[in-house]
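Written below as structure tokens is the structure these notes are about.
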Amino acid sequence: MSFHRNVAAMRGRVPLAVAAAVALMLVFLPGADGAPAHPPQAVQTVPKSVVRAADEALPTVTVVATGGTMAGLSDTPTSFQRYRAGTLLMEDMLAEVPNLDEVANVNSLQFGNKGSGGYTIAELYDLSLAVDNALKTSDGVVVTTGTDTMEEIGYFLDLTVQSPKPVVITGAMRPWTVIGSDAQANLFNAIVTAASGKTAWFGTVLMLNDEIHAVRDVTKTSSYRMDTFQTPELGILGYVDDLKVRIMRMPARALRVFETRGSVVTTANALRNWRTPFDLTTIDKAELPRVEIFYNAQEAGGEAIDAWAAAGVEGIVTAGTGAGGISGAASQARNRAVQAGVMFASTTRTGSGSVYGGSGAVFPADSLNAQHARLLLMMALAFNDGVEEVRADFIEWASLQADITSALPSLRTS
Ligand code: SIN
């Protein structure tokens with residue numbers, strides 16, 4: 001019997017929580033010290049895709065599953081924080097979500113099954129190509145990941161996926177098998193969001209807790225609360241209320257589609273404004289360079305920067321105080337590293353606001369937080385040669401803004 005038929009045979013017979021609890025007792029006995037157990041799974045399944053017969057009236061959505069708490073197996077139905085992240089399979093989870101057949105034809109790809117922090121950059125390269133590949137035959141893709149590095153995985157996809165079709169990243173703060181889990185609702189509402197088509201051209205969006213965020217701007221703000229994802233200063237794009245996706249504003253990425261500069265809005269012109277230059281099919285994953293983050297603090301030392309430069313790290317993001325300041329020792333180490341060919345991006349550790357200024361090999365990251373700036377610097381370094389080229393690409397995508405006035409008659413009176 002194939003994997004798919006096995007799953008179908010299980011539907012309606014063995015509740016996932018019961019099967020999961022038995023599996024947990026057999027395989028993952030809690031540690032003798034009774035310590036909280038939600039470390040990422042080390043084991044990763046081979047990518048496995050399930051494609052169903054399509055109802056032509058409905059959009060097709062592929063769920064690309066990578067694990068995390070959403071796929072988490074709890075010790076008991078009330079152990080909200082004692083669970084194994086990245087354990088359940090997406091096909092089994094989808095079988096437990098009601099009414100999906102009213103929303104979309106849902107296919108799945110089990111890309112992996114582990115905690116978000118366990119993915120390498122090389123694996124994110126593969127994930128991005130898998131998402132673009134799924135979008136060749138689907139109207140939208142939902143990517144499920146752990147929430148810990150969801151903003152990073154999402155922004156990696158935002159920078160590299162070449163299709164403007166909807167990409168929605170989601171996860172959960174509570175494992176699938178506890179009472180009051182947000183996992184089922186988040187999976188359902190992410191599929192509803194992707195199926196609606198309303199976030200096409202937005203780049204990757206994050207849907208959690210019914211709220212839709214631009215992944216470029218969002219950050220995880222709490223280790224346990226279900227409203228952990230917040231977009232400082234700018235706020236959410238919209239929300240999902242009872243099968244209705246309500247979009248209240250567009251991110252700059254989408255608005256740029258309407259920057260016509262004397263031309264007309266065609267798909268080709270829109271794509272020219274929308275696409276990043278970071279097409280992963282044109283480089284090898286080994287070409288993605290190491291970039292690290294230096295977190296500044298009172299009288300911080302510069303030894304980490306010296307060590308990274310000596311280790312061959314090509315880019316360093318500084319999370320500075322206030323408008324991006326770093327200590328004297330860190331600043332001297334940065335000068336030495338720049339002489340050695342390392343490029344820097346300046347961000348603020350404050351949690352919101354922009355960093356401007358900088359010169360030469362020190363680039364301002366505008367409103368990107370440090371973890372987002374790290375991924376953009378990685379891309380700018382991988383796709384360019386020399387400080388001027390890297391700087392130009394970095395600054396264009398770090399300070400992404402929109403000005404749609406070129407598409408409309410002037411309103412000036414003089
Ligand atoms: C993880 O990021 O994989 C674990 C935590 C979570 O999913 O919320």
* Here are some residues: THR177, THR219, THR144. Which one is under 21 Å from GLY235 (Cβ atoms) and modelled with pLDDT of 95 or more? -> THR219
* To do: Those residues that are outside any strand (DSSP E or B) and either among the aliphatic types (A, V, I, L, M) or touching a helix residue (DSSP H, G or I) at 6+ places or on another chain (Cβ under 6 Å) (or both), I need them from region 52-78; list them, please.
  => ALA53, ALA54, ALA57, LEU58, PRO59, GLY68, MET70, ALA71
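Need a quick list: helices (runs of 4 or more DSSP H) entirely within region 308-408 having at least 1 residues that are in contact (Cβ under 8 Å) with a residue 60 or more places away in the chain and of a type in the set (D, E, K, R).
370-383, 387-398
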* Asked: Taking the condition touching a Leu at 6+ places or on another chain (Cβ under 9 Å), open to solvent by 10 Å² or more (accessible area, probe 1.4 Å), within 22 Å of PRO166 (Cα to Cα) and in a loop (DSSP other than H, G, I, E, B), does MET226 pass?
  -> no
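So which residues in region 154-200 are in a helix (DSSP H, G or I) and within 16 Å of the ligand (Cβ to nearest atom), if there are any at all?
Going through region 154-200, the residues in a helix (DSSP H, G or I) turn out to be 154-160, 183-196.
The answer is GLY154, TYR155, PHE156, LEU157, ALA183, GLN184, ALA185, ASN186, LEU187, ALA190.
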* Condition test on LEU129, is it in the same structural domain as VAL205 (by TED's automatic domain parsing) and either within 16 Å of the ligand (Cβ to nearest atom) or modelled with pLDDT under 95 (or both)? -> no
* Search region 112-126 for residues that are at pLDDT 95 or above and pair each with any residue that is among the hydroxyl-bearing types (Ser, Thr, Tyr) when their beta-carbon atoms are under 6 Å apart and the residues are at least 6 apart or on different chains. => GLY112/THR66; ASN113/THR45; SER116/THR145; SER116/THR149; GLY117/THR149
* **Failed criterion for TRP274 (all others in (1) surrounded by fewer than 16 Cβ atoms within 10 Å (Cβ to Cβ); (2) touching a residue at least 60 places away in the same chain (Cβ under 8 Å) hold)** => (1)
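Got a sec? Which of ALA65, ALA71 is within 15 Å of the ligand (Cβ to nearest atom) and farther than 18 Å from ALA194 by Cα? Break it down into steps so the answer makes sense when it comes.
Details: ALA65 fails: farther than 18 Å from ALA194 by Cα.
The match here is ALA71.
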* To do: Report whether or not ALA185 is out of contact with any helix residue (DSSP H, G or I) (no Cβ under 6 Å at 6 or more places or on another chain) and on the phi < 0 side of the Ramachandran plot.
  => yes
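Does GLY140 count as touching a Pro at 6+ places or on another chain (Cβ under 6 Å) and either open to solvent by less than 20 Å² (accessible area, probe 1.4 Å) or within 16 Å of the ligand (Cβ to nearest atom) (or both)?
So GLY140 passes the test.
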* For GLY351, indicate whether it is on the phi > 0 side of the Ramachandran plot and over 28 Å from the mean Cα position of the chain (by Cα). => no
* To do: May I ask you to say which residue of ILE153, ILE179, ILE191 is aliphatic (A, V, I, L, M) and surrounded by fewer than 24 Cβ atoms within 10 Å (Cβ to Cβ)?
  => ILE179
* Please specify each residue of region 117-126 satisfying the condition of being within 11 Å of the ligand (Cβ to nearest atom) and either outside any loop (DSSP other than H, G, I, E, B) or not hydroxyl-bearing (Ser, Thr, Tyr) (or both). => GLY117, GLY118
* Could you check, for region 97-116, whether at least one of its residues is assigned to a helix (DSSP H, G or I) and either closer than 20 Å to GLY180 by Cβ or open to solvent by 30 Å² or more (accessible area, probe 1.4 Å) (or both)? => yes
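Restricting attention to region 244-268, which residues are closer than 22 Å to ARG216 by Cβ, surrounded by 12 or more Cβ atoms within 10 Å (Cβ to Cβ) and not small (Gly, Ala, Ser)?
VAL245, ARG246, ILE247, ARG249, MET250, PRO251, ARG253, LEU255, ARG256, VAL257, PHE258, GLU259
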* Structure fact -> With criteria (1) at pLDDT 95 or above; (2) acidic (Asp, Glu); (3) buried (at least 19 other Cβ atoms within 10 Å of the Cβ), ASP241 comes up short on (3)
* Which residues, counting only those in region 64-85, are open to solvent by 10 Å² or more (accessible area, probe 1.4 Å) and either under 14 Å from GLY146 (Cα atoms) or within 24 Å of the chain's Cα centre (by Cα) (or both)? -> THR69, PHE80, GLN81, TYR83, ARG84
* Asked: Out of region 389-414, which residues are open to solvent by 60 Å² or more (accessible area, probe 1.4 Å) and of a type outside the set (Val, Ile, Thr)?
  -> GLU389, ALA392, GLU396, GLN401, ASP403, LEU408, PRO409, SER410, LEU411, ARG412, SER414
* **Options ASP210, ASP279; residue that is outside the structural domain of ASP158 (by TED's automatic domain parsing) and farther than 25 Å from THR348 by Cα** => ASP279
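The values are calculated or read from the model by the stated rules, or taken from the named source; none is laboratory data. Since the model is a prediction, treat every value here as computed from it, not as a measurement. When we count neighbours, we look across all protein chains shown, and the Cβ atoms used for this are built from the backbone with ideal geometry, even at glycine. We work out accessible area using only protein heavy atoms, side chains counted, and drop any ligands, DNA or RNA first. Shrake-Rupley method; radii C 1.70, N 1.55, O 1.52, S 1.80 Å.
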